[in-house]
Each structure stands twice: as structure tokens, then as C-alpha cells.
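K.L.:
First the structure, then my questions, so here it is.
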Amino acid sequence: MSTALRIQQLNKHFANGKHALRDINLTVQRGEMVALIGASGSGKSTLLRHVAGLVVADGASDSLIEVDGRCVQQGGRIHRDIRQVRAQVGFVFQQFNLVDRLPVLMNVLVGLLHRTPRWRGWLRLFRPHERALALEALARVGIADCHAQRASTLSGGQQQRAAIARTLVQGAKVVLADEPIASLDPESSRKVMDILARINREDGSTVIVSLHQVDVAIKYCPRVVALHQGRVVYDGPSAALTPGLLRELYGVQADEILTGANPLPSAAAPAVSPVAGWMPPLAQAA
């Protein structure tokens, strides 16, 4: 199994002084489906945006990000071939990033722009086989009958499925989904996660999805990477995650990353260790 994503020594400071990402080292193999979990502000979205080359790491650093063996950024500089690399990376945003006034089909065809002559893209002159490819993608996500509607007329769940169809048309080898179900109802959330899992299973695409709901991560993703204050504090099987371990990793923030309003039940942490070198907050204070 070859490597789909490699991150080394990634650090990010924002202008306000916040250290958003701290010494991130992560490798994801082709065909994996991985969940990023963590409380709000833990660095999930920032990490995904670095992988896509939308945000640059700290300058004059030893950072490196590669996707499918090709450099995205290194030492705080975006690689000169970033456009070619981005063509292999599909990004599913929390807020869908569709053009409301355009038909759904046209929004999906945007996924072809990286390999379409610019003049044809500007004039929206897509060929019949390209339109057929977009319709097929919409059929795979279950909304082919909405292809002629303006994107603004779709429900939130339908818009997210259209955004996923756009990555299918793009032919992305790596799909990054940034909290794709955060604003959706439970049934729409289930459909979106089912589609991402099917893309992973049927197409062999590598899927990395940030989630606020640990129960969803456990159900759909065999591997979980947990972030806390910009650090990777757990990287292992999702089946090993329990309320006890989450309490150990996140302290009082554990309730925030679990679904439901009820407090976490007491439970002993399993025999699974967090990432070496990291100590839970209570241990640090002792």
C-alpha cells in the first residue's frame, strides 16, 4: 500500500500569535478512510486547508506536505506545481461552496475546469460526454433529478451531495471533507457519510473527514486522528475510543466532542495510549 498523504513537522502560527498546529507528523495510506476529531478550535480545518495548499505553514521551517508523492508545500512555501497537485485533491467544504444562481449540473461540471481549456470554461461550453459524466456523478449521490435546478433551491443535504459529486467528476484521488455534516439533520448526515464511505470503498479514494461527532467517526472510519490544541494526541483504531479515553485526552472538553446533551458516563480508559510525549491536562498539572 503506497502513501497518499505525508505530513512532517507542520507548524502554523496565525497573525494573532495563536499556535494553531504544533509539530504535526502524519502519514495516510492510499484507500484509507480517516476521521479527524477534536473540540472546536483544535486545528482540524486548519490542517485540512494546509493539505489542500489553501494555507501556508510557518516560514523558514522544516515542514513538508506531500499528496500522492507530490509536494504541496515545503518550508512554508507552496510548491510551484500546486495547480497540478490540487487537481488530485477534492475538498468538500462545510458550507458547500456552490454557486447559488447556477444549475446543479453546472456546479458539478466545475470539477472539470482543471482539465478544460480556459475559454470553454468561461463560456460554459462543456461537451456531451462531460455533461454525461456529471449526470452520472449526480446519480451516484442520489440527486440526478435535481440537475437542472438552481443550487440555491436544494436542501443543505442535497447541496452537500452536489459538492461531493463535483469531487467525483474531478477524479480526485484524495477527498478532504471539512465537517461535511455539521449543519445537516441526522438523516442528511447519514446519507452524506454513506456516500463518502462508498466512494472510499468502491473507488479506492483516500478519504479524510473532520468530524465533531465521535460516534459518527467510530461508525464510518476505521482510523481516528484526534487533535487537541493543535497537537495530534491520538492516532489509532476508532474502535478503541471510549468515553474514558476521550476524558483522558480532552479533559472537560470531552463532552463537547460527543453527540448528545447527557454527561459522559464514568469509564476506565482502555489499554490504548495517546501519542507518545503528550500528557493529559491533569497529568501536566500534577
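K.L.:
Might you let me know whether the range 59-71 holds any residue that is in the same structural domain as PRO243 (by the TED database) and closer than 30 Å to ASP145 by Cβ?
P.N.:
Scanning the range 59-71, I find no residue that is in the same structural domain as PRO243 (by the TED database) and closer than 30 Å to ASP145 by Cβ, so the answer is no.
K.L.:
Going through the range 158-195 one residue at a time, which ones are among the basic types (Lys, Arg) and not in a loop (DSSP other than H, G, I, E, B)?
P.N.:
Passing the criteria: ARG161, ARG166, ARG190, LYS191.
K.L.:
Looking only at the range 36-91, which residues are charged (D, E, K, R) and within 30 Å of ASP255 (Cβ to Cβ)?
P.N.:
Listed by number, the residues that qualify are LYS44, ARG49.
K.L.:
Any idea which of VAL232, VAL192, VAL216 is touching a helix residue (DSSP H, G or I) at 6+ places or on another chain (Cβ under 7 Å) and crowded, with 22+ Cβ neighbours inside 10 Å?
P.N.:
VAL192
K.L.:
Of all residues in the range 158-184, which are hydroxyl-bearing (Ser, Thr, Tyr) and farther than 18 Å from ALA132 by Cα?
P.N.:
Passing the criteria: only SER183.
K.L.:
Do you know which of the residues in the range 146-157 that are part of a loop (DSSP other than H, G, I, E, B) and small (Gly, Ala, Ser) is surrounded by the fewest Cβ atoms within 10 Å (Cβ to Cβ)?
P.N.:
ALA148
Per-residue answers, yes or no, for (1) at pLDDT below 95; (2) more than 15 Å from ARG231 (Cα to Cα):
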position: ARG6; (1), (2): no, yes
position: HIS13; (1), (2): yes, no
position: LYS18; (1), (2): yes, no
position: ALA39; (1), (2): yes, no
position: GLY53; (1), (2): yes, yes
position: SER61; (1), (2): yes, yes
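K.L.:
Looking at (1) within 18 Å of LEU138 (Cα to Cα); (2) surrounded by fewer than 24 Cβ atoms within 10 Å (Cβ to Cβ); (3) under 15 Å from the mean Cα position of the chain (by Cα); (4) of a type in the set (D, E, K, R), can you tell me which one ARG161 breaks?
P.N.:
(2)
K.L.:
Would you be able to say whether some residue in the range 136-145 is crowded, with 19+ Cβ neighbours inside 10 Å, among the small types (Gly, Ala, Ser) and part of a helix (DSSP H, G or I)?
P.N.:
Yes, that holds for at least one residue.
K.L.:
Does the range 182-194 contain any residue that is within 25 Å of ASP68 (Cβ to Cβ) and assigned by the TED database to the domain that holds ALA4?
P.N.:
No, every residue in the range 182-194 fails to be within 25 Å of ASP68 (Cβ to Cβ) and assigned by the TED database to the domain that holds ALA4.
K.L.:
Then there is this: Go through the range 214-286 and tell me which helices (runs of 4 or more DSSP H), entirely inside it, have 2 or more residues that are at pLDDT 50 or above and either among the acidic types (Asp, Glu) or under 21 Å from SER40 (Cα atoms) (or both).
P.N.:
214-220, 243-250
K.L.:
Right, here's the next one. Report yes if some residue within the range 74-84 is touching a residue at least 24 places away in the same chain (Cβ under 8 Å) and either touching a Ser or Thr at 6+ places or on another chain (Cβ under 7 Å) or among the aromatic types (Phe, Trp, Tyr) (or both); otherwise report no.
P.N.:
no
K.L.:
Of the numbered conditions (1) in contact with a strand residue (DSSP E or B) (Cβ under 9 Å, 6 or more places away or on another chain); (2) not assigned by the TED database to the domain that holds LEU168, GLY111 satisfies every one except a single condition; which is it?
P.N.:
With respect to (1) in contact with a strand residue (DSSP E or B) (Cβ under 9 Å, 6 or more places away or on another chain); (2) not assigned by the TED database to the domain that holds LEU168, GLY111 is out only on (2).
K.L.:
Moving on to the next point. State whether the residues of the range 34-44 include one that is among the β-branched types (Val, Ile, Thr) and either touching a His at 6+ places or on another chain (Cβ under 6 Å) or free of Cβ contacts under 8 Å to residues at least 24 places away in the same chain (or both).
P.N.:
Within the range 34-44 (the criterion being among the β-branched types (Val, Ile, Thr) and either touching a His at 6+ places or on another chain (Cβ under 6 Å) or free of Cβ contacts under 8 Å to residues at least 24 places away in the same chain (or both)), the answer is no, since none of the residues qualifies.
K.L.:
Still on this structure, I have one more. Any residue at all in the range 137-145 that's in contact with a His (Cβ under 6 Å, 6 or more places away or on another chain) and either on the phi > 0 side of the Ramachandran plot or at pLDDT 90 or above (or both)?
P.N.:
Yes, some residue in the range 137-145 is in contact with a His (Cβ under 6 Å, 6 or more places away or on another chain) and either on the phi > 0 side of the Ramachandran plot or at pLDDT 90 or above (or both).
K.L.:
Considering only the range 48-63, state which residues are more than 15 Å from the chain's Cα centre (by Cα), aliphatic (A, V, I, L, M) and crowded, with 16+ Cβ neighbours inside 10 Å.
P.N.:
Those that are more than 15 Å from the chain's Cα centre (by Cα), aliphatic (A, V, I, L, M) and crowded, with 16+ Cβ neighbours inside 10 Å: VAL56, ALA57.
The values are calculated or read from the model by the stated rules, or taken from the named source; none is laboratory data. Computed from a predicted model, the values in this text were never measured in an experiment. Quick reminder, even Gly has a Cβ in these numbers, built from the backbone with ideal geometry, and neighbours come from all protein chains shown.
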